[in-house]
Amino acid sequence: MDNPASLKYTESHEWLRREADGHVTVGITAHAQDALGELVYVELPEVGRTVACGEACVVVESTKAASDVYAPLDGEVTEVNAALLDAPQTVNESPYGAGWLFRLKPSAPEQIDALLSADAYNAGPGAQ
């Protein structure tokens with residue numbers, strides 16, 4: 001699966017999409033969900049939680065392993081994808097669409113500039 005050029009990426013396989021209202025949507029990359037295998041459980045953060053860049057804030061579990069998902073920026077969680085609680089496999093089926101994890105109001109939007117482009121992610125941590 002191609003990593004959309006419109007998104008930003010982290011070394012730890014999260015993606016981030018800027019929204020028109022200034023918030024960001026966060027998920028895990030196709031590479032990450034493929035490495036984990038079929039997800040069977042997702043533990044989402046509480047709405048209103050303040051997170052720091054690099055802080056573990058989501059747990060995804062597959063039949064193979066459990067893995068933390070890290071906040072790509074400092075900010076406040078404003079929304080979670082509650083549909084994943086009943087259908088965690090949506091992350092596998094649509095990692096860049098319906099499988100998003102949470103939305104964040106960044107407290108330091110300039111941190112986005114330090115994230116990886118699709119090309120940099122593909123050449124580094126996302127290389128197959």
About the Cα centre, charge dipole magnitude for the chain (Lys/Arg +1, Asp/Glu -1 at Cβ), debye:
100 debye
Running a GNM on the chain with Cα contacts under 10 Å, which residue among PRO109, PRO45, PRO88 ends up with the highest mean-square fluctuation?
PRO109
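Mind ranking 112-118, 21-27 by how tightly packed they are, going by the mean number of other C-beta atoms within 10 angstrom, highest first?
Working: 112-118: 14.6, 21-27: 18.4.
Answer by packing, highest mean first, reads 21-27, 112-118.
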Cα shape, the chain, gyration tensor, a/c 1.5 rule
oblate
Give the shape of the stretch 86-128 as rounded, prolate or oblate, defined through the alpha-carbon gyration tensor: a ≥ b ≥ c are the square roots of its eigenvalues, a/c under 1.5 means rounded, and otherwise the shape is prolate if a/b is larger than b/c and oblate if not.
oblate
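Shape of the stretch 1-40 from its Cα gyration tensor (a ≥ b ≥ c, root eigenvalues): rounded if a/c is under 1.5, otherwise prolate when a/b > b/c, or oblate? All intermediate terms of the calculation are to be shown ahead of the outcome.
Working: a/c = 2.46, a/b = 1.88, b/c = 1.31.
Prolate shape, in that a/c is at least 1.5 and a/b is the bigger ratio.
So which trypsin sites (Lys or Arg not before Pro) in the stretch 43-128 end up in coil per DSSP with only 14 or fewer other C-beta atoms within 10 Å? List each step's numbers first, then the result.
On the way: sites: ARG49, LYS64, ARG103; in loops: ARG49, LYS64.
Counting only loop positions with at most 14 other Cβ atoms within 10 Å, the trypsin sites (Lys or Arg not before Pro) in the stretch 43-128 are LYS64.
Rule-based calculations on the coordinates, nothing more; no lab input. None of the values given here were measured: they were computed from a predicted structure. Note that we place each Cβ from the backbone using ideal geometry, even for glycine, and neighbour counts take in every protein chain shown.
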